[in-house]
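Down below is the structure, laid out as structure tokens.
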Amino acid sequence: QVQLVESGGGLVQAGGSLRLSCAASGRTFSNYAMGWFRQAPGKQRELVAAISSAGSTNYARSVKGRFTISRDNAKNTVYLQMNNLKPEDTAVYSCAARTVGNLGYSPGEYGYWGQGTQVTVSS
């Protein structure tokens, strides 16, 4: 069983920055691939960024160059640094874990989810 708890969401003006954190339970966090997803009202959940157990990363085209995913295995935590935020980044952001190490690209590839944190970007 893996429990995930996100933090760091909030309200920010366009052009601003936020850093999301996701703390995971379990002693084998370093073996997990992790992902950040987002869902805006009326839209499907989409992958924002993912990181493998080895540190390989993948980003949605819309956030590449602005967002950075990273992990600290000593703290069982994955981060999403979001810079130059835009109103279209407004969504509920959720972290997810899969108990294999390679990157996952779709929600169905992840077995564990956090409760989500709201990110609102004002224009």
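The values are calculated or read from the model by the stated rules, or taken from the named source; none is laboratory data. Remember, predicted model here, so these are calculated numbers, not experimental data. FYI the Cβ positions are ideal-geometry reconstructions off the backbone, even for glycines, and counts take in every protein chain you see. Heads up: the accessible areas ignore ligands, DNA and RNA and are worked out on the full protein's heavy atoms, side chains in. Shrake-Rupley method; radii C 1.70, N 1.55, O 1.52, S 1.80 Å.
Looking only at the range 27-84, how many residues end up being of a type in the set (D, E, K, R), free of Cβ contacts under 8 Å to residues at least 60 places away in the same chain and open to solvent by 50 Å² or more (accessible area, probe 1.4 Å)?
Here is the first cut: in the range 27-84, the ones of a type in the set (D, E, K, R) are 27, 38, 43, 45-46, 61, 64, 66, 71-72, 75.
Checking the rest, the ones that are also free of Cβ contacts under 8 Å to residues at least 60 places away in the same chain come to 27, 43, 46, 61, 64, 66, 71-72, 75.
Narrowing the set further to residues that are open to solvent by 50 Å² or more (accessible area, probe 1.4 Å) leaves 27, 43, 46, 61, 64, 75.
Going through the range 27-84 one residue at a time, the tally reaches 6.
Tell me, please, whether a residue that is in contact with a Cys (Cβ under 7 Å, 6 or more places away or on another chain) and within 14 Å of residue 70 (Cβ to Cβ) can be found in the range 47-57.
The answer is no; no qualifying residue exists.
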*Which residues, taken from the range 50-92, are farther than 21 Å from residue 26 by Cβ, touching a Phe, Trp or Tyr at 6+ places or on another chain (Cβ under 7 Å) and not polar (S, T, N, Q)?*
59, 67, 82
*Which residues, taken from the range 12-26, are farther than 19 Å from residue 83 by Cβ and open to solvent by less than 20 Å² (accessible area, probe 1.4 Å)?*
24
*So which residues in the range 91-123 are open to solvent by less than 40 Å² (accessible area, probe 1.4 Å) and in a loop (DSSP other than H, G, I, E, B)?*
101, 103, 104, 110, 114, 116
*Do we have residue 116 as in contact (Cβ under 8 Å) with a residue 24 or more places away in the chain and on the phi > 0 side of the Ramachandran plot here?*
yes
